[in-house]
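Structure record follows, encoded as C-alpha cells.
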Amino acid sequence: MAACAESAAPSSASATPPAASPERPAKLGLCVACHGEDGISRIAGTPHLAGQDGQYLERALVDYRSGKRQHVPMTSLANSLQPADIRALAAWYASRPGFHAGDAR
Ligand code: HEC
C-alpha cells in the first residue's frame with residue numbers, strides 16, 4: 001500500500017460526488033443483509049461502504065475475487081460477480097451519502 005501516505009492528504013474536492021446517481025445494481029440484493037441498501041452497515045465487524053472511494057471499492061472486490069484479499073463471506077460472494085457487477089456495485093455504494101459519527105448502527 002505505497003499510496004497510503006499520499007491519499008491521506010485532505011482533499012475536499014473528492015468529498016462530495018456529483019449528484020448523478022447510478023442505477024440500482026442487479027446484484028445489490030446479495031449485499032444488503034450485511035452492508036445495507038445504502039452502504040451503512042448495521043452489523044458489528046462489517047464496514048460501511050457509503051461514500052467510500054469508488055475505485056477503492058472496485059479494487060477490494062477484484063482482490064476478493066482473485067484471492068489476493070481473503071475473507072470468508074466476501075471471497076465467495078465476489079466470486080459470483082462479473083466485472084460489470086463489480087463496477088455497478090462499487091459505483092452505487094460510492095454514490096451513497098457517507099456515514100457520520102453518531103449515526104445509529
Ligand atoms: C455475510 C455478510 C456480507 C455480505 C452478504 C456482503 N459483505 Fe462485503 N463485507 C463483509 C465483511 C465482514 C467485510 C470485511 C471483510 C474483511 O475484513 O476483509 C466486507 C468487506 C467488503 C468490502 C471491502 C470494504 C473495505 O473497506 O475494504 C467491500 C467493497 C464489500 N464488502 C462489498 C460487498 C458487496 C458489493 C456485497 C454484495 C455482492 C457484499 N459486500 C456482501 C460482509 C458481507
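The values are calculated or read from the model by the stated rules, or taken from the named source; none is laboratory data. Because the structure is predicted, anything quoted here is derived from the model rather than measured. A quick note on method: Cβ atoms are made from the backbone with ideal geometry, for glycine too, and the neighbour counts reach across all protein chains shown.
What single numbered condition from (1) more than 11 Å from the chain's Cα centre (by Cα); (2) at pLDDT 90 or above; (3) more than 8 Å from the ligand (Cβ to nearest atom); (4) among the aliphatic types (A, V, I, L, M) fails to hold for Ile40?
Every condition holds for Ile40 apart from (1).
Could you please give the count of residues in the range 69-85 that are loosely packed, with under 13 Cβ neighbours inside 10 Å, part of a loop (DSSP other than H, G, I, E, B) and without any contact (Cβ under 8 Å) to a residue 12 or more places away in the chain?
3
For the range 43-68, enumerate the residues that are charged (D, E, K, R) and either crowded, with 19+ Cβ neighbours inside 10 Å or within 10 Å of the ligand (Cβ to nearest atom) (or both).
Once the filter is applied, which keeps residues that are charged (D, E, K, R) and either crowded, with 19+ Cβ neighbours inside 10 Å or within 10 Å of the ligand (Cβ to nearest atom) (or both), the range 43-68 yields Asp53, Glu58, Arg59, Asp63, Arg65.
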